[in-house]
1. Give segment 241-285 a look and list any residue that's under 28 Å from Leu67 (Cβ atoms) and either in contact with a Phe, Trp or Tyr (Cβ under 8 Å, 6 or more places away or on another chain) or part of a strand (DSSP E or B) (or both), or say none.
2. If I go through segment 1-32 residue by residue, how many of them are free of Cβ contacts under 8 Å to residues at least 24 places away in the same chain, closer than 16 Å to Tyr86 by Cα and open to solvent by 40 Å² or more (accessible area, probe 1.4 Å)?
3. Among the numbered conditions (1) surrounded by 14 or more Cβ atoms within 10 Å (Cβ to Cβ); (2) at pLDDT below 95; (3) at negative phi, tell me where Val235 comes up short.
4. Name the residue that is least open to solvent (accessible area, probe 1.4 Å), counting only residues in segment 241-256 that are of a type in the set (Phe, Trp, Tyr) and out of contact with any helix residue (DSSP H, G or I) (no Cβ under 7 Å at 6 or more places or on another chain).
5. Open to solvent by less than 10 Å² (accessible area, probe 1.4 Å) and either acidic (Asp, Glu) or over 17 Å from the mean Cα position of the chain (by Cα) (or both) - does that describe any residue in segment 33-43?
6. Within segment 65-118, work out how many residues are closer than 30 Å to Leu182 by Cβ, touching a strand residue (DSSP E or B) at 6+ places or on another chain (Cβ under 8 Å) and of a type outside the set (A, V, I, L, M).
7. Going residue by residue through segment 257-266, is there one that turns out to be more than 25 Å from Val121 (Cβ to Cβ) and outside the structural domain of Ser106 (by the TED database)?
8. Please state which one of Thr216, Thr163 is of a type in the set (S, T, N, Q), in contact (Cβ under 8 Å) with a residue 60 or more places away in the chain and within 26 Å of Val34 (Cα to Cα).
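The values are calculated or read from the model by the stated rules, or taken from the named source; none is laboratory data. None of these values were measured; they are calculated from a predicted model. Positions of Cβ are generated from backbone atoms using ideal geometry, with glycine treated the same way; all protein chains shown enter the neighbour counts. Just the protein is used for accessible areas: all its heavy atoms, side chains included, with ligands, DNA and RNA removed. Shrake-Rupley method; radii C 1.70, N 1.55, O 1.52, S 1.80 Å.
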Amino acid sequence: MTVVKTDLDGILPLVARGKVRDIYEVDDQTLLFVATDRISAYDVIMQNAIPDKGVLLTRLSEFWFDLLKDDVRNHLKHIEEGKTMYDYLPEKLKEEKYRKQLSGRSLLVQKHKLIPLEVIVRGYITGSAWKEYKKSGTVHGLPQPEGLQESQEFPEAIYTPSTKAEQGDHDENISPEQAAQLVGKELNDRVAALAIKLYTKCKEYAKSKGIIIADTKFEFGIDEETNEIILVDEVLTPDSSRFWAGSSYAVGHGQDSYDKQFLRDWLTSKGLNGVDGVEMPEEIVNKSRSKYIEAYEALTGKQWQ
């Protein structure tokens, strides 16, 4: 079943409807994240969806949360042994019409105060970083070594934050110094170090599975009682990262990708980047879905369905 938009008939209050996720409040400490099959590119949601995308994103995030559980606390609510998510939700949501919308694509998460940064870590130079580097030799205002080629690996992964825009606005690339002004130097330094540590661990793991994680975006919250940084939102999915095929990787040009770059390239070729109301042709939908599945299977070692 393809889910473009959830409707729980007011059983739980809808907190937000993002580009991909519909978020509901379960109680004053708990949220229900539902990953729909919507897909966006250039900050615009496409008219049609990618079947099963939300389930794939959810399972992949769960995989990474588990891989990183000894490195960082995450926002997943603990489900007691023998229970399921539905044991923590209103009884009515067990009905078939709601299960069809929720099953496989939902996470129960604990509320935390969000750190207002898109925490981007780049291991390879591509995208907006490559454009900036060609102009000024910098990435997010940070000087980089001379002579880098497109898609080349940086000597060390770099922290390149952006602002976390309100819905409908665009995130803005900022320097680490600007990020420190937003959230405070001490917290910014902790976030940067943690993000680079998590990215590096996952990059090395993915390499062993034939996938290069060129860059990724983390989001973090903070436990206001313990001051602990919490990993939130989605983690290392094709929506929040650039995944490249290791088998065909070569510096000096763009790469075969498992992520939304495939859709972005099609939109750009048609002059549709940033245009509202675009409907993807069936070929793009099917190719995008197969790329998501390929990445999921390679990274998790599990067969899809």
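1. Answer for segment 241-285, where residues must be under 28 Å from Leu67 (Cβ atoms) and either in contact with a Phe, Trp or Tyr (Cβ under 8 Å, 6 or more places away or on another chain) or part of a strand (DSSP E or B) (or both): Ser241, Arg242, Phe243, Trp244, Ala245, Gln255, Asp256, Ser257, Tyr258, Asp259, Arg264.
2. Adding up the residues that qualify gives 2.
3. With (1) surrounded by 14 or more Cβ atoms within 10 Å (Cβ to Cβ); (2) at pLDDT below 95; (3) at negative phi applied to Val235, the lone miss is (2).
4. Start the filter on segment 241-256 by keeping residues that are of a type in the set (Phe, Trp, Tyr), which leaves 243-244, 249.
Adding the requirement that they be out of contact with any helix residue (DSSP H, G or I) (no Cβ under 7 Å at 6 or more places or on another chain) leaves 244, 249.
On the way: Trp244: 8, Tyr249: 66 Å².
Among them, the one singled out is Trp244.
5. Within segment 33-43, one or more residues are open to solvent by less than 10 Å² (accessible area, probe 1.4 Å) and either acidic (Asp, Glu) or over 17 Å from the mean Cα position of the chain (by Cα) (or both).
6. Residues of segment 65-118 that are closer than 30 Å to Leu182 by Cβ, as a first pass: 65, 67-77, 107-118.
Next, from what is left, pick out any that are touching a strand residue (DSSP E or B) at 6+ places or on another chain (Cβ under 8 Å): 65, 68, 72-77, 107-118.
If we keep only those that are of a type outside the set (A, V, I, L, M) too, we end up with 65, 73-75, 77, 110-113, 116, 118.
Final tally of qualifying residues: 11.
7. Taking segment 257-266 as the starting set, the residues that turn out to be more than 25 Å from Val121 (Cβ to Cβ) are 266.
If we keep only those that are outside the structural domain of Ser106 (by the TED database) too, we end up with 266.
Scanning segment 257-266 turns up at least one residue that is more than 25 Å from Val121 (Cβ to Cβ) and outside the structural domain of Ser106 (by the TED database).
8. Details: Thr163 fails: in contact (Cβ under 8 Å) with a residue 60 or more places away in the chain.
Going through Thr216, Thr163 in turn, the sole match is Thr216.
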